[in-house]
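Following: one structure in structure tokens, then a few remarks.
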Amino acid sequence: MKKLFIILVLSSLSFAGFSNEAYLKAMTESIEKLFQATIIPEYVEIANQFERISNLEKSEWLPLYYASYAYIMISFQEPENAKKDQYLDQAQKYLDQAKAIEPNESELYMLQGFLYPSRIAVDPMSRGMELMLEMNKSFDKALELNPDNPRVYFLRATMTFHMPEAYGGGAAKALPLFQLADEKFRIYKPKTPISPNWGKEVNEAELKKAQEAIQK
């Protein structure tokens, strides 16, 4: 009887998930590893860690958000288009799950927009027009939900900067967007210690590049 009781207690613990303190600790450590990752196996490992956290904390969207982010980052490194699409399929799966939990979260629509450039890169001729429209719809929705989300302005600036001038891109068009993103980053306060808080340093670097390109 005593052994049965112990088994039941252990079983209940395995399904109970983290305490709030343990959840924050696990997420904080995993986020730190995510932004230290540099190669595909590291991103895969940390995405798996976020999935494990999500399996214990089924009402939390952030573990799925970061797992999706990890696979999007992998897609930028993967040279083979077939594999790139597979990684993006995995990223989309996590993102869809996160949206089901929190359908009105600006960061999730921002991340959806962030996913599309890699999809486009696989086959620009056949995917470009359709997915550019979808990307902009995602960014518009993200701003509708939170007009001060700095990552949306940063990503739009980046896309504009690297787009040919003949298609409305280039440094001159991107610079005001980078500057607006910089303003938004300066006032941005994450909701929690584990909320999305990336992009500021990269935006500053890209803003400087845009300024230098215009001065040439």
> If you average the sequence gap of Cα pairs under 8 Å that are 6 or more apart and divide by the length of segment 148-216, what percent do you get for the contact order?
Replying inline: 36
> So what is the relative contact order of the chain, in percent, for Cα pairs below 8 Å that sit 6 or more residues apart?
Replying inline: 13
>> Compute the angle between helix 20-34 and the longest alpha-carbon principal axis of the chain, please, reported from 0 to 90 degrees and rounded to the nearest 10.
In response: 40
> Any number yet on Rg/Rh for segment 148-216, C-alpha, Kirkwood?
Replying inline: 1.03
> Can you list the lysines whose alpha carbon is less than 21 Å from that of residue 189, not counting same-chain residues fewer than 8 positions off?
Replying inline: 25, 141, 200
> For the chain, how big is the tail of P(r) above 20 Å, as a whole percent of Cα pairs?
Replying inline: 63
> Counting Lys +1, Arg +1, Asp -1, Glu -1, what net charge surrounds residue 82 among other residues with beta carbon under 14 Å of its beta carbon?
Replying inline: -2
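Readers should treat all values here as calculations from the given coordinates under stated rules, not as data from a laboratory. Worth saying up front: this structure is predicted, and the values here are computed from it rather than measured. Positions of Cβ are backbone-derived with ideal geometry, glycine not excepted, and every protein chain shown enters the neighbour counts.
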